[in-house]
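Novice: Got a structure for you, written out below as structure tokens; questions coming shortly.
The values are calculated or read from the model by the stated rules, or taken from the named source; none is laboratory data. Note that the coordinates shown come from a computational prediction; the quantities given were computed from them, not determined experimentally. So basically every Cβ, Gly included, is an ideal-geometry build from the backbone, and we count neighbours across all protein chains shown.
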Amino acid sequence: MAVEVRADGRVVGSSLIGQQGYGLDHFQSRPANGLGENSVDTQYKLILSGATNLSADNEKLVESVRAAKAEVVKENSTADYRVDPADVPADAVTSSGSGLDPDISPRYADLRFHRVAVRNHLSVTHVQRLVDRHTEGRTLGFMGEPRVNVLALNIALRDLVARN
């Protein structure tokens, strides 16, 4: 498995670490709610890896998830498509255990088809096919869940936009 991801002859990221900071014309990684920011070497703005360790009934976590869900619905609804809040998967509103997960679920990617298509002047069908081609199945056919690597998907999206 390659770790270093290249595009246009240069390193653009890692296949093992979630990439933050994509605009709404791209797919976004899971939220990165790590333990905080690096305060020792402030030359680099790094999020420290780790979970928030908040219990499921912690009001801070509940409110964070509620606000994130509303934001996902708002950001991904278009004039012709409304995201149903009941369709927002957990990985859209919670960080992974490390806070650095590079993958999202196919359900999370599905919520973004319409927005990404509209913002990039592409058909929903083109974007759906792109996500389908970048969806990996369970490891060895039975471990884990299907997943979509956001960095690889966004590189392919950029290439598709450039061709159209």
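Novice: Filter region 84-140 for residues that are aliphatic (A, V, I, L, M), touching a strand residue (DSSP E or B) at 6+ places or on another chain (Cβ under 8 Å) and in a helix (DSSP H, G or I) and give the result.
Specialist: Ala92, Ala109, Val131
Novice: For region 132-159, name all the residues that are without any contact (Cβ under 8 Å) to a residue 40 or more places away in the chain and of a type in the set (A, V, I, L, M, F, W, C).
Specialist: Hits for region 132-159 are Leu140, Phe142, Met143, Ala156.
Novice: Enumerate the pairs (first residue in region 66-92 and in contact (Cβ under 8 Å) with a residue 40 or more places away in the chain and under 16 Å from Gln28 (Cβ atoms); second residue anywhere and hydroxyl-bearing (Ser, Thr, Tyr) and surrounded by 15 or more Cβ atoms within 10 Å (Cβ to Cβ)) with beta-carbon separation below 8 Å, excluding pairs fewer than 6 apart on the same chain, so at least 6 apart or on different chains.
Specialist: Asp91/Ser105; Asp91/Tyr108; Ala92/Tyr108
Novice: Something else: Test Ser105 against the stated conditions and say whether it is small (Gly, Ala, Ser), in contact with a Lys or Arg (Cβ under 9 Å, 6 or more places away or on another chain) and farther than 29 Å from Gly9 by Cβ.
Specialist: Yes: the conditions hold for Ser105.
Novice: Are there any pairs with C-beta distances below 9 angstrom linking a residue in region 7-30 that is under 25 Å from Leu122 (Cα atoms) and at pLDDT 65 or above to a residue that is part of a loop (DSSP other than H, G, I, E, B) and of a type in the set (Asp, Glu), with the two at least 6 apart or on different chains, and if so which?
Specialist: Ser29/Asp101; Arg30/Asp101
Novice: Of the conditions (1) assigned to a helix (DSSP H, G or I); (2) modelled with pLDDT under 95, Tyr44 fails just one. Which one is it?
Specialist: Checking Tyr44 against (1) assigned to a helix (DSSP H, G or I); (2) modelled with pLDDT under 95, the one that fails is (1).
Novice: Tell me, which residue of region 120-164 that is in contact with a Ser or Thr (Cβ under 9 Å, 6 or more places away or on another chain) and of a type in the set (D, E, K, R) is farthest from Lys74 (Cα to Cα)?
Specialist: Ranking the candidates gives Glu145 first.
Novice: Do you know which residues across region 68-83 are surrounded by 11 or more Cβ atoms within 10 Å (Cβ to Cβ) and outside any loop (DSSP other than H, G, I, E, B)?
Specialist: Ala68, Lys69, Ala70, Glu71, Val72, Val73, Glu75, Asn76
Novice: Given (1) part of a loop (DSSP other than H, G, I, E, B); (2) under 16 Å from the mean Cα position of the chain (by Cα); (3) at pLDDT below 90, identify the lone condition not met by Ser39.
Specialist: (2)
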